[in-house]
Every structure is written in C-alpha cells, then in structure tokens.
Amino acid sequence: MLKLIPQPMKIEYISQEKFPLEHISLGENLISRVAQDEFLKFCGMPGGDANIIFETDSTLQEEAYVLETGQTVKIKAASASGQLYALETLKQMIFQSSGSLEHVRIEDSPKYKLRGFMLDCGRYIFPVSDIKKIIRRMALHKLNLLHLHLTEDQGWRVEIDKYPLLTQIGSIRKKTNFDHKVHGGYYTKEHIKEIVEYAHAFGIKVMPEFDIPGHSRAAIAAYNELTCFPRKLPVADHWGVKHDVLCVGKESTMKFVYDVLDEFFEMFPDEYIHIGGDEVPKHRWDLCPNCRKKRDELGLKDSDALQFWFMNQVKDYCKAHGKQAFMWSWELEDASDIDTDLGFTKCGEMDTGDRPFIDTATNAYYIDLPYGYVSLKDSAEHKVLSGNCLGVEGTLWTEYVPDMKKADLMSFPRTGCISETGWHGECGWKNFSQKLEFYYSFLDKNNIGYAKPAKANPKFPMDKLSILWFERRQLAWEGLTNIIEDKKIERLAKSNKKGCD
Ligand SMILES: [Zn+2]
C-alpha cells in the first residue's frame with residue numbers, strides 16, 4: 001500500500017503489476033520551468049522519450065488531477081496547479097517505489113480552497129533564499145497560500161516609497177530575545193517581486209499582512225505621530241503586547257494606512273490581504289482626545305467598537321481594490337460588529353456567523369509553540385472549526401525562531417497534519433502515525449529538518465519543561481514595561497499640557 005501525504009481522495013489499485021521506471025521525461029505541460037526542474041532534480045534520473053504525458057481536461061476542478069501509472073504515466077488536469085500536484089504525488093510514489101511504480105489510478109482534488117503557511121518575518125527577517133525554501137516545502141505539501149507577516153513591533157520588513165523611515169528606522173532593533181546584537185533588514189520591492197513570482201511558479205498565492213492598529217511599534221518608532229501620545233519610542237526589542245498602538249482618531253493615521261495599502265496592492269497582485277487586528281490594548285485610546293472625539297462622532301459605545309469601526313473601514317478600502325481582507329480573531333468575544341465580508345484567521349472556536357475564515361487554531365496549528373503545548377498528536381487530531389471555513393493555515397510566529405533550522409524543527413512534522421486536513425478534510429492520529437516513518441524519510445530526502453517522534457509528542461516532564469522555557473521571560477517584559485509606560489501616559493493625559501497633536 002502506498003503511503004501518501006496528504007492522502008489523495010481516491011486511490012484505485014488496478015493490478016498487481018509493477019512498471020519499472022528507468023528514465024524520466026516530461027511531456028508538454030503547463031507547469032513552470034522552475035517547478036519542473038525541482039521535480040527532475042528530485043528524481044535524479046536520466047532523460048529520454050517523454051514518459052509522463054499530460055492532458056488538459058477543463059472539466060476538472062482548478063486544482064484537481066487524475067494520475068494513472070502504467071507503461072507511461074498519464075496526468076489529467078485543468079491547470080498548471082493540478083498538473084504540479086500530480087507530480088508532487090508522483091514524487092512520493094517514486095520515492096517508495098524501489099525502481100518500479102505501482103499500477104494505480106488516483107483521482108484527487110482538495111477539500112479546502114486555501115491551505116496556508118504563515119511566516120512571521122517581523123520578529124526575525126528571513127532572507128529571500130529561505131522564503132524560497134519555504135515555498136518549495138509548501139508545494140511538497142500541496143499548500144497554496146503563503147501568508148507573510150511583514151509588519152511588527154520588532155520590525156518593519158517591506159520597502160514603502162512614500163514613508164522611507166519605515167525601513168530606515170523601523171526595520172532595525174537594537175537587540176533580540178537571545179542576544180544583544182542588532183537585528184534588522186527588509187525586503188525591497190525587487191525582493192517582493194522575486195518572492196511573488198517564485199510562489200506563483202509553484203501555484204502559491206501570497207497574502208501579505210500589514211498588522212494594524214496594534215503591533216505597530218516599528219512604524220511608530222519611524223513616525224512618532226502615528227500614535228496617540230507621540231514621543232520617542234524605539235523599535236521594540238522583545239516580544240509581548242505593546243500599549244502604544246496606532247491612533248485611529250487622527251485623519252493623518254488613516255492616510256498613512258491607505259498610502260501603505262496602495263503600495264501593498266502594487267506589490268502583491270493576489271486577492272488576499274491580512275490587516276492584523278490582534279492584541280490591541282485600548283489604554284491609549286481611552287485617554288486620547290482624538291480617539292475619544294472620533295468615538296463620540298461615530299456614536300460608538302467604547303474603544304472596542306472603535307477598533308471594529310477601524311477594521312471595517314480598512315476592509316472597505318481593500319475591498320474597493322478587489323481584495324478579500326482577513327483579520328485575527330484573537331480576543332474577539334462578539335463578532336457582530338465586524339462586517340460579514342471581513343474574514344478571519346480564526347484562532348479558536350467562536351461564533352463567526354457566515355464570515356469566511358481560515359482555521360489557524362492555536363491549540364493545533366500554532367506551530368511556533370513548543371511541542372509541550374501543541375503536540376504532533378494535537379495537530380493530527382484537530383477537526384476544523386465550525387462555520388464558513390475556507391481552509392487551514394500553519395502559523396509560524398518567530399519570537400523564538402531566529403532561523404530556518406529552528407523554523408523546520410517547529411514546522412515539521414506538524415505541517416504534514418495541516419496538509420492532510422487542508423487537502424483531505426481530516427488527518428487523525430491513527431492514520432497519520434501509520435505514515436510517520438515514511439514521512440520522516442521523505443523529509444530527509446528533501447533535506448527538511450524536523451522534530452523527532454519523542455520530541456514531537458513529548459512526555460512528562462519534557463512537555464512541561466518546554467512550556468516553562470517558552471514563557472520564562474514574558475512576565476518581566478510584557479508586564480513591567482507596560483505598567484511604567486501606562487503611568488507616564490496617564491500623567492501626561494491628566495496634565496493636559498501635552499497629549500495628542
Ligand atoms: Zn488616539
């Protein structure tokens with residue numbers, strides 16, 4: 001029996017016969033040159049007469065394919081993506097074939113439209129070459145949405161012509177969680193073009209994230225007037241929720257947001273955009289004359305309602321430019337103030353009505369979390385959250401992920417489960433565990449790092465220790481620094497001498 005990840009929708013074993021594979025040559029097809037080369041490199045076999053034959057079948061769904069093995073391999077699909085997914089399945093078949101292919105017919109199509117992987121480039125920047133590696137890893141798993149988290153408290157990562165200080169100042173922090181070395185960097189517009197083109201070559205769309213109105217300390221460090229109580233604030237050097245957020249009561253902030261979005265729209269042609277919306281403390285807004293004035297003008301009951309107004313406004317702007325916007329569902333107790341066409345990356349079970357969402361459940365798909373929090377088994381057993389689910393996403397935050405080595409260790413093997421659920425509709429530990437040995441060897445073959453079984457499903461006390469390690473510094477940094485700053489702002493607001501400009 002073949003082991004395949006993700007599990008195809010239907011495999012038919014036609015006969016016991018096996019077909020020796022002595023060379024590989026692709027017939028005429030729609031797949032990009034770079035993805036074809038990846039396939040041929042993986043196979044490492046001599047060329048010859050075309051023995052993988054492609055047929056276009058426009059009756060098939062966009063990403064579906066039919067793969068039939070025999071004297072030749074026949075692939076039917078409607079698009080380049082369908083053809084590429086057939087080759088990805090074929091790779092896994094060849095890998096376990098011992099030189100002869102099984103005689104099968106596979107009919108396959110994805111359960112979910114969006115199958116994502118989020119990389120947080122805000123905490124740590126990843127070079128373009130690493131992002132290309134991630135794109136190739138995604139293609140192996142039939143994932144099709146690269147979510148790039150590009151703006152954060154700890155770094156602004158994308159060149160914006162109209163606001164050069166965003167990268168000149170906002171892309172650099174003085175130290176990191178791990179050491180006292182300066183960390184920084186950003187993607188130029190050329191880099192972004194290169195990333196988007198490479199992703200497209202593997203059938204992957206790019207969803208950029210402009211995280212607002214919270215997690216904006218890097219932007220505020222560059223342009224102090226963006227916050228309610230402007231003063232010199234450095235780019236944050238450590239993780240945690242920061243209390244200085246964008247002042248949404250000022251027209252100038254709205255202009256900034258729309259200007260940045262305009263340049264995002266130019267750089268990222270795909271239809272999805274993420275506008276953040278997570279972890280927005282309202283302390284400054286409650287005290288800020290501009291935010292209070294805006295609240296009163298709009299007749300809103302509190303600062304939470306002000307945030308929902310802001311998110312809806314930004315969504316409208318994106319929609320007017322043909323984009324489907326998403327926001328994080330974090331801390332959302334009541335979604336009723338969010339317009340029904342604003343989507344969520346949904347972190348847990350909550351009533352989101354008909355709003356479209358991508359399942360990023362923290363207890364299964366937050367793949368930055370230690371395996372003590374989210375074991376491989378947790379990722380495998382996860383059932384998609386209820387509601388209008390468009391798909392799933394593995395979410396790799398990088399507070400503690402400085403490089404590709406760590407990124408791989410956290411992402412794999414958990415990404416295998418996300419691939420299963422996104423493509424096949426479910427994973428399940430029983431099924432996945434039976435394929436695990438094959439999966440580890442396939443990851444080895446592709447030079448992808450991973451957590452070994454004992455680490456991926458840790459037992460007591462290793463599970464608890466991994467959590468302790470993760471949380472050890474949060475209290476001091478998140479708690480203490482915010483309390484000190486809050487008191488300062490309260491005095492400022494009271495004295496009424498300074499305050500919002
Ligand atoms: Zn304000």
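Just checking, which of 180, 200, 191 is farther than 30 Å from residue 110 by Cβ and of a type outside the set (A, V, I, L, M, F, W, C)?
Details: 200 fails: farther than 30 Å from residue 110 by Cβ; 191 fails: farther than 30 Å from residue 110 by Cβ.
Of the residues listed, the single one that is farther than 30 Å from residue 110 by Cβ and of a type outside the set (A, V, I, L, M, F, W, C) is 180.
Would you mind stating whether residue 442 is out of contact with any Cys (no Cβ under 7 Å at 6 or more places or on another chain), of a type outside the set (A, V, I, L, M) and under 19 Å from residue 118 (Cβ atoms)?
No.
Please enumerate the residues belonging to segment 172-217 that are hydrophobic (A, V, I, L, M, F, W, C) and within 16 Å of the ligand (Cβ to nearest atom). Outline the logic, then answer.
In the first step, residues of segment 172-217 are kept if they are hydrophobic (A, V, I, L, M, F, W, C); the result is 172, 178, 182, 192, 195-196, 199, 201-202, 204, 206-207, 210, 212.
Matches in segment 172-217: 212 only.
List pairs: first in segment 212-225 and without any contact (Cβ under 8 Å) to a residue 40 or more places away in the chain, second in a loop (DSSP other than H, G, I, E, B) and not charged (D, E, K, R), Cβ under 6 Å, 6+ apart or cross-chain?
220/233; 224/230
Please verify whether segment 323-331 includes one or more residues that are away from the ligand (no atom under 16 Å from the Cβ), small (Gly, Ala, Ser) and surrounded by 15 or more Cβ atoms within 10 Å (Cβ to Cβ).
Within segment 323-331, one or more residues are away from the ligand (no atom under 16 Å from the Cβ), small (Gly, Ala, Ser) and surrounded by 15 or more Cβ atoms within 10 Å (Cβ to Cβ).
Which numbered condition in (1) closer than 29 Å to residue 469 by Cα; (2) modelled with pLDDT of 95 or more is the only one that residue 373 fails?
(2)
Identify the single condition in (1) among the hydrophobic types (A, V, I, L, M, F, W, C); (2) in contact (Cβ under 8 Å) with a residue 40 or more places away in the chain; (3) surrounded by fewer than 11 Cβ atoms within 10 Å (Cβ to Cβ) that residue 30 does not satisfy, given that it satisfies every other one.
(3)
From the list 22, 62, exactly one residue is at pLDDT below 95, in a loop (DSSP other than H, G, I, E, B) and of a type outside the set (S, T, N, Q). Which is it? Even if it seems obvious, please write down each step before you answer.
Numbers: 62 fails: at pLDDT below 95.
Being at pLDDT below 95, in a loop (DSSP other than H, G, I, E, B) and of a type outside the set (S, T, N, Q) holds for just one of 22, 62, which is 22.
Condition first: at pLDDT 95 or above and over 18 Å from the mean Cα position of the chain (by Cα). Now tell me which residues in segment 340-366 satisfy that.
340, 341, 355
Are any of the residues in segment 145-160 in a loop (DSSP other than H, G, I, E, B), within 16 Å of residue 274 (Cα to Cα) and among the aliphatic types (A, V, I, L, M)? It would help to see each step written out before you state the result.
Start the filter on segment 145-160 by keeping residues that are in a loop (DSSP other than H, G, I, E, B), which leaves 150, 153-154, 157, 159-160.
Going one step further and asking which of them are within 16 Å of residue 274 (Cα to Cα), we end up with 150, 157.
Filter again for among the aliphatic types (A, V, I, L, M), leaving 150.
Yes, some residue in segment 145-160 is in a loop (DSSP other than H, G, I, E, B), within 16 Å of residue 274 (Cα to Cα) and among the aliphatic types (A, V, I, L, M).
Has segment 35-51 got at least one residue that is of a type in the set (Lys, Arg), exposed (fewer than 14 other Cβ atoms within 10 Å of the Cβ) and under 22 Å from residue 141 (Cβ atoms)?
Yes: one or more hits.
Go through segment 400-433 and give me each residue that's within 15 Å of the chain's Cα centre (by Cα) and assigned to a loop (DSSP other than H, G, I, E, B).
Of everything in segment 400-433, those that are within 15 Å of the chain's Cα centre (by Cα) and assigned to a loop (DSSP other than H, G, I, E, B) turn out to be 401, 412.
Residue 379 versus (1) crowded, with 22+ Cβ neighbours inside 10 Å; (2) out of contact with any Lys or Arg (no Cβ under 8 Å at 6 or more places or on another chain): which is the lone unmet condition?
The failed condition is (2).
Modelled with pLDDT under 95 and touching an Asp or Glu at 6+ places or on another chain (Cβ under 7 Å), is that true of residue 151? Can you show your working first?
Values: modelled with pLDDT under 95: no; touching an Asp or Glu at 6+ places or on another chain (Cβ under 7 Å): yes.
Spelling it out, it is not the case that residue 151 is modelled with pLDDT under 95 and touching an Asp or Glu at 6+ places or on another chain (Cβ under 7 Å).
Tally the residues that are part of a loop (DSSP other than H, G, I, E, B) and either surrounded by fewer than 21 Cβ atoms within 10 Å (Cβ to Cβ) or more than 28 Å from the chain's Cα centre (by Cα) (or both), restricting the search to segment 79-119. Before the answer, list the steps.
In the first step, residues of segment 79-119 are kept if they are part of a loop (DSSP other than H, G, I, E, B); the result is 79, 96-99, 109-113.
From what is left, the residues that are either surrounded by fewer than 21 Cβ atoms within 10 Å (Cβ to Cβ) or more than 28 Å from the chain's Cα centre (by Cα) (or both) are 79, 96-99, 109, 111-113.
Here the count works out to 9.
Could you give every pair whose Cβ atoms fall below 6 Å, whose first residue belongs to segment 279-295 and is closer than 10 Å to residue 493 by Cβ and touching a residue at least 12 places away in the same chain (Cβ under 8 Å), and whose second residue is in a helix (DSSP H, G or I) and within 6 Å of the ligand (Cβ to nearest atom), counting only separations of at least 6 or pairs across chains?
Going by the 6 Å Cβ cut-off, there are no qualifying pairs.
Between 465, 409, 390, which is in contact with a Leu (Cβ under 6 Å, 6 or more places away or on another chain) and among the hydrophobic types (A, V, I, L, M, F, W, C)?
Details: 465 fails: in contact with a Leu (Cβ under 6 Å, 6 or more places away or on another chain); 409 fails: in contact with a Leu (Cβ under 6 Å, 6 or more places away or on another chain).
Of the residues listed, the single one that is in contact with a Leu (Cβ under 6 Å, 6 or more places away or on another chain) and among the hydrophobic types (A, V, I, L, M, F, W, C) is 390.
Just checking, which of 420, 437 is among the acidic types (Asp, Glu) and exposed (fewer than 15 other Cβ atoms within 10 Å of the Cβ)? Can you show your working first?
Values: 420 fails: exposed (fewer than 15 other Cβ atoms within 10 Å of the Cβ).
Of the residues listed, the single one that is among the acidic types (Asp, Glu) and exposed (fewer than 15 other Cβ atoms within 10 Å of the Cβ) is 437.
The values are calculated or read from the model by the stated rules, or taken from the named source; none is laboratory data. Note that the structure is a prediction, hence the values are computed from the model and not measured. FYI the Cβ positions are ideal-geometry reconstructions off the backbone, even for glycines, and counts take in every protein chain you see.
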